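**Student:** Here you go, one structure.
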Amino acid sequence: MAAFSTFLLFLLLLGTLTSLAVSSDQENKKTFIVKVHHQTKPSIFPTHRHWYQSSLASISNTASVIHTYDTVFHGFSAKLSPSEAQKLQALSHVITLVPEQVRQLHTTRSPQFLGLTTDDRTGLLHETDFGSDLVIGVIDTGIWPERQSFNGRDMGPVPAKWKGQCIAGKNFPATSCNRKLIGARYFSGGYEATNGKMNETTEFRSARDSDGHGTHTASIAAGRYVSPASTLGYAKGVAAGMAPKARLAVYKVCWNGGGCYDSDILAAFDAAVADGVDVVSLSVGGVVVPYHLDVIAIGAFAAASAGVFVSSSAGNGGPGGLTVTNVAPWVTTVGAGTIDRDFPANVKLGNGKIVPGISIYGGPGLTPGRMYPIVYAGIGQFGGGGGGGGDGYSSSLCLEGSLDPKTVKGKIVVCDRGINSRAAKGEEVKKNGGVGMILANGVFDGEGLVADCHVLPATAVGATAGDEIRSYIGNSRSPATATIVFKGTRLGVRPAPVVASFSARGPNPVSPEILKPDVIAPGLNILAAWPDHVGPSGVPSDGRRTEFNILSGTSMACPHVSGLAALLKAAHPDWSPAAIRSALMTTAYTVDNKGDPMLDESTGNVSSVFDYGAGHVHPIKAMNPGLVYDISPSDYVNFLCNSNYTTNSIHVITRKSADCSGAKRAGHSGNLNYPSLSAVFQQYGKKRMSTHFIRTVTNVGDPNSVYKVTIKPPGGMVVTVKPDTLTFRKMGQKLNFLVRVQTRAVKLSPGGSSVKSGSIVWSDGKHTVTSPLVVTMQQPLD
């Protein structure tokens, strides 16, 4: 069964059956999620689960229910053969089949860098009592509850609204929860339906974290103040999450080696919303698909409709375009930026040159003043092969089994980045007797660097530096030598923030008229809590133990925004998830701490709206944005109608029969009341093109205020805003305005595109409300 793929079947009532080509092979079993209408349950069944099992019994002797869903989705999941699925689909309440995805993880100075400090008695932390009545649900790999970041000392009673539970399991008694960690659940049915019973020698059948990712993200969102905190002596100081007194509820859905299965993720959403979370933080993602085929989009829609803010990571597929994931407009999509701290570890070459690098290696260093032989397989130094069974290509990547101890022993080895994990390369070098490693970026990686807790003296260098080192090794007339000099922690780095090289980029591959990512937040080299039984490098042989670890990824950026959303929700209980996102977006900034436009780490050039969306979050300003762009569930339905989703597909997402008759009044999908504006023009021989956007802003600033518009049009375009002045008389008042964009065709090759950006800024002299405006010109292949 381990080779069988998993699919997700959503069965909906009141629609036309979608045809499905199925094989008659009864052994090719797949997981399906079955959607039914709760009101059709016959009274003879005491529970929906009994009814669901009876439905399965009518078409199969072996199928059984994996999960039932009651809150964000109505139905169940089961593993079926294609012929069984076909029989079930033939029942009157079947509408569609949706392939399941297996998601992957998007793998502490950041509060201070964001302006959240404990000694500020008038700021966001003080105003919201650190978010003490808010609950953040983290859907991830679980938690290590004993960490001090999650202690419940001096916290008030659990909020009365809370309906969740602390589910006991392996090495996780119910007493693991406290007034900080108020809920814990785990969902493995989808994972085990595909992979068989979990290996409980390497994994906990409970909410306990055996990976580290979930512990790390949870403490970024809501970790308590812990001092002193550091990783192997690096980044010493006070560790704290964004909302230090917010409550945490964890939902474990990701399992060692197997990823995170959609049927388990949907069960976690179902439980989290029913439990009463205020925020869902989800640092996982997969292949981008239309929203009605995307379980995260489906679960998030129901959550947002219930007033729950959903924050999700943009993905680590950067720096290439069209790589952003989790792009539904009701999800806040978070990319990653740097903070003003790094960990220099420079390479000194035998020719006297110093090449900059970065590392958080904390063990015995190289002998000071001594130069070591340096080797690289990619230029034939290993005799055309790895000597350990690998070829030159494998050896250049330092893949497992590719290095020859005779060639490596006592030397520093240059390893190209790619294929296996960065820390695993160092483990391979160490295993074969190497004394150090230089991890070199390739062309695609650019200059973006990530610090790792390597198992031997090692540093990471950018693509340009990597080329310089390889060239030195290949061209040196005498034996090439080098050493690595570790400089510790450096603060006050300029420029910062910079868009992290790995951070996934737009444009939005599903809805190009919705700019994604929405914002960026700190995601590079972030210090946060770490489990007790996992080494900081993550490789199995690493026996070191540390209470905190430094990781990078949009996985780390997402919980920053989750925690900030909890603070904003605490300060403004009446704000919707869309209003909270609007506040974060319209107050975001796009300049660094030198006052220059934010740069792209991968190239060193100025970054763009497709890299950072509205910009880098500025929580203090988000507390008082002046105006917000609010969105209701019915607005999202109109957006889906105008995006040409069928009524059946919309039903899958919204759990309701869709009425698209009013959607025409909204105009087009770009008229969703989003805080950013994105237009796409297909040229088709036209010389002049234009479009318009209708937006509505709600006054959340001063009762009597007058906002005037400043237009920064994209280059060569004409942008008008009517009216150009908005006069508010009371709080909560809504006013509309219209933005018209006019442009001329530009010369493009077939299939080519041109992107230009500008902004629409409303200001009353006190508040500045900024919306990015991006215009894409496309030349069809015809």
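**Student:** Please report how far the C-alpha centroid of the range 238-281 lies from that of the range 652-688, rounded to the nearest whole angstrom.
**Tutor:** 32
**Student:** Sketch the reach of a paramagnetic label on Lys170 as a point 7 Å from Cα along Cα-to-Cβ, and name the residues of the range 177-193 whose backbone nitrogen lies under 15 Å away.
**Tutor:** 186-189, 191-193
**Student:** Moving on. Quick one: dipole size for the range 486-610, taken about the Cα centre, charges +1 on Lys/Arg Cβ and -1 on Asp/Glu Cβ, in debye to the nearest 20. Walk me through the numbers on the way to the answer.
**Tutor:** Values: 10 positive and 10 negative charges, 49 e Å.
My answer is approximately 240 debye.
**Student:** Mind checking which of Ile550, Pro633, Val347 is farthest towards the positive end of the chain's charge dipole, using Cβ charges of +1 (Lys, Arg) and -1 (Asp, Glu) about the Cα centre?
**Tutor:** Farthest along the dipole direction, towards plus: Pro633.
**Student:** Now for a different question. Can you compute the FRET efficiency between Ile354 and Asp70 using 1/(1 + (r/R0)^6), with r the Cβ-Cβ distance and R0 = 51 Å? Round to the nearest 0.05.
**Tutor:** Numbers: r = 62 Å, r/R0 = 1.21.
According to the calculation, E is roughly 0.25.
**Student:** Which value in nm describes the separation of the simple spin-label points at Lys161 and Val493, placed 7 Å from the Cα toward the beta carbon?
**Tutor:** According to this spin-label approximation, the distance is 3.8 nm.
**Student:** Okay, next question. Could you work out how much longer the chain between Val443 and Ser690 gets when fully extended? Use 0.36 nm per residue separation minus the Cα distance between them, nm to one decimal.
**Tutor:** Values: separation 247, 0.36 × 247 = 88.92 nm, distance 3.88 nm.
Full-extension gain reported as 85.0 nm.
**Student:** While we're here: Quote the FRET efficiency, to the nearest 0.05, computed for Arg744 versus Tyr393 with a Förster distance R0 of 51 Å and r equal to the Cβ-Cβ distance. Before the final figure, lay out each step's value.
**Tutor:** Details: r = 49 Å, r/R0 = 0.96.
Calculated transfer efficiency: 0.55.
**Student:** In addition: When the helix-only estimate is applied to the chain (DSSP H runs of n ≥ 4, each -39,500 (n - 2.57), divided by the residue count), what is the mean residue ellipticity at 222 nm, nearest 500 deg cm²/dmol?
**Tutor:** Here the helix-only value at 222 nm equals -5500 deg cm²/dmol.
**Student:** Distance between the C-alpha centers of the range 566-621 and the range 184-206? Whole Å please.
**Tutor:** A separation of 37 Å, based on Cα centres.
**Student:** What ranking do 418-429, 745-756 get when scored by the average of other Cβ atoms within 10 Å per residue, highest first? Don't skip to the answer; put the middle values down first.
**Tutor:** On the way: 418-429: 20.9, 745-756: 13.7.
Answer by packing, highest mean first, reads 418-429, 745-756.
**Student:** Can you tell me the mean projection area, over all orientations, of the convex hull of the range 634-700's alpha carbons? Units nm², please.
**Tutor:** Details: hull surface 24.8 nm².
Reported value for the Cα convex hull: 6.2 nm².
**Student:** Given labels modelled 7 Å from the Cα in the Cβ direction, how far is it in nm from Gln733 to Ser476?
**Tutor:** So the two model labels end up 7.3 nm from each other.
**Student:** Rounded to the nearest 5, what % of DSSP beta bridges with both residues in the chain are antiparallel?
**Tutor:** Working: 82 of 129 bridges.
Bridges in the chain are about 65 percent antiparallel.
**Student:** Here's something else I'd like to know. Among Ala570, Ala588, Asn605, flag the residue with its Cα farthest along the positive direction of the charge dipole of the range 563-626, charges on Cβ as +1 for Lys/Arg and -1 for Asp/Glu.
**Tutor:** It is Ala570.
**Student:** How much FRET efficiency would the formula 1/(1 + (r/R0)^6) give for Asp574 and Ile620, where r is the Cβ-Cβ distance and R0 is 22 Å, rounded to 0.05?
**Tutor:** Working: r = 20 Å, r/R0 = 0.93.
Given R0 = 22 Å and the Cβ-Cβ separation, E is 0.60.
**Student:** Can you tell me the dipole magnitude for the range 413-509 around its Cα centre, using point charges on the Cβ only (Lys, Arg +1; Asp, Glu -1), in Debye to the nearest 20?
**Tutor:** Numbers: 11 positive and 8 negative charges, 40 e Å.
That gives a dipole near 200 debye.
**Student:** Put +1 on the Cβ of each Lys and Arg and -1 on the Cβ of each Asp and Glu in the chain; which of Met437, Tyr234, Ile379 then has its Cα farthest toward the positive end of the dipole?
**Tutor:** With unit charges placed on the Cβ atoms, the residue in question is Tyr234.
**Student:** Mind listing the long-range amide H neighbours of Tyr372? Cut-off is under 5 Å, sequence gap 5 or more, other chains count too, H placed in the peptide plane at 1.01 Å from N.
**Tutor:** Ala482, Thr483
**Student:** Across the range 226-312, what fraction of all alpha-carbon pairs, as a whole percent, falls in each successive 5 Å bin from zero upward?
**Tutor:** 3, 11, 20, 19, 14, 13, 9, 8, 3, 0
**Student:** While we're here: Which percent of the accessible area of the chain is formed by carbon and sulfur heavy atoms (probe 1.4 angstrom)?
**Tutor:** Numbers: 14940 of 28870 Å².
Result for the chain: 52 percent of the exposed heavy-atom area is carbon or sulfur.
**Student:** Taking a label point 7 Å from the Cα of Thr710 along the Cα→Cβ vector, which residues of the range 742-779 have an amide N closer than 17 Å to it?
**Tutor:** Under 17 Å, as judged by backbone N against the label point of Thr710, lie 758-773 of the range 742-779.
**Student:** When the scattering of the range 679-782 is computed by the Debye formula from its Cα atoms alone, each counted once and equally, what is log10 I(q)/I(0) at q = 0.24 Å⁻¹?
**Tutor:** Cα-only, vacuum Debye calculation for the range 679-782: -1.22.
**Student:** Scan the range 587-680 for trypsin sites (Lys or Arg not before Pro) in coil per DSSP, keeping those whose Cβ has at most 16 other Cβ atoms within 10 Å, and list them by number.
**Tutor:** Values: sites: Lys594, Lys621, Arg655, Lys656, Lys664, Arg665; in loops: Lys594, Arg655, Lys656.
Loop-located and lightly packed - Lys594, Lys656.
**Student:** Taking 7 Å along the Cα-to-C-beta vector as the label spot, tell me the Phe45-Ser83 distance in nanometres, rounded to one decimal.
**Tutor:** So the label points at Phe45 and Ser83 sit 2.4 nm apart.
**Student:** Can you compute 3J(HN,Hα) from phi for each residue in the range 300-317, using the Karplus curve 6.51 cos²θ - 1.76 cosθ + 1.60 with θ = phi - 60°, rounded to whole Hz and x for Gly and Pro?
**Tutor:** With the stated coefficients, the range 300-317 comes to 5, 4, 5, 4, 4, 5, 8, x, 9, 7, 10, 10, 9, 6, 6, x, 10, x Hz.
**Student:** For the range 251-376, treating each Cα as an identical point scatterer without solvent, what Debye log10 I(q)/I(0) comes out at q = 0.16 1/Å?
**Tutor:** -0.84
**Student:** Please list, or write none, the lysines whose alpha carbon is within less than 29 Å of the alpha carbon of Lys409, excluding same-chain residues fewer than 8 places away.
**Tutor:** Lys348, Lys353, Lys425, Lys430, Lys431, Lys487
**Student:** Using a/c under 1.5 as the rounded threshold, could you call the range 427-517 rounded, prolate or oblate? The axes a ≥ b ≥ c are square roots of the C-alpha gyration tensor eigenvalues, and prolate needs a/b larger than b/c, oblate otherwise. Walk me through the numbers on the way to the answer.
**Tutor:** Working: a/c = 2.25, a/b = 1.94, b/c = 1.16.
Prolate.
**Student:** Right, another one. Can you report the principal axis dimensions of the range 335-454 using only the alpha carbons, biggest first, rounded to whole angstrom?
**Tutor:** Dimensions of the range 335-454 along the principal axes of its Cα atoms: 43, 37, 26 Å.
**Student:** When all alpha-carbon pairs of the range 651-739 are counted, what percent fall beyond 15 Å?
**Tutor:** 71
**Student:** Let me ask you something else. Please state the charge dipole magnitude for the chain, taken about the Cα centre, from unit charges on C-beta atoms (+1 on K and R, -1 on D and E), reported in debye and rounded to the nearest 20. Don't jump to the answer; show the numbers that get you there.
**Tutor:** Numbers: 70 positive and 55 negative charges, 203 e Å.
It comes to approximately 980 debye.
**Student:** Run a plain Debye calculation on the chain (Cα atoms as equal point scatterers, no solvent) and give log10 I(q)/I(0) at q = 0.05, 0.06, 0.10 Å⁻¹, rounded to two decimals, same order as the q list.
**Tutor:** Rounded to two decimals, the profile gives -0.27, -0.38, -1.07.
**Student:** Write out the cysteines belonging to the chain for which the nearest other cysteine Cβ is not under 4.7 Å, or none if no such cysteine exists.
**Tutor:** Lacking a cysteine Cβ partner under 4.7 Å: Cys453, Cys558.
**Student:** Report Rg (one decimal) and Dmax (nearest whole number) for the range 136-234, counting Cα atoms only, units Å.
**Tutor:** Reported Rg and Dmax, both Å: 14.6, 44.
**Student:** I would also like to ask the following. Heavy-atom accessible area per residue, the chain, 1.4 Å probe: how many Å²?
**Tutor:** Values: 28870 Å² over 782 residues.
About 37 Å² of surface per residue is accessible.
**Student:** Can I ask one more? On alpha-carbon atoms, Rg over Rh for the range 539-679 using Kirkwood Rh? Could the numbers behind the result be given before it?
**Tutor:** On the way: Rg = 19.6 Å, Rh = 18.3 Å.
On the Cα set of the range 539-679, Rg over Rh gives 1.08.
The values are calculated or read from the model by the stated rules, or taken from the named source; none is laboratory data. Predicted, not measured: the structure shown is a model, and the values here were computed from it. Using ideal geometry, Cβ is built from the backbone for each residue, glycine included, and neighbour counts are taken over all protein chains shown. The protein model used for the area step is the full one, side chains on, heavy atoms only, and it has no ligands, DNA or RNA in it. Shrake-Rupley method; radii C 1.70, N 1.55, O 1.52, S 1.80 Å.
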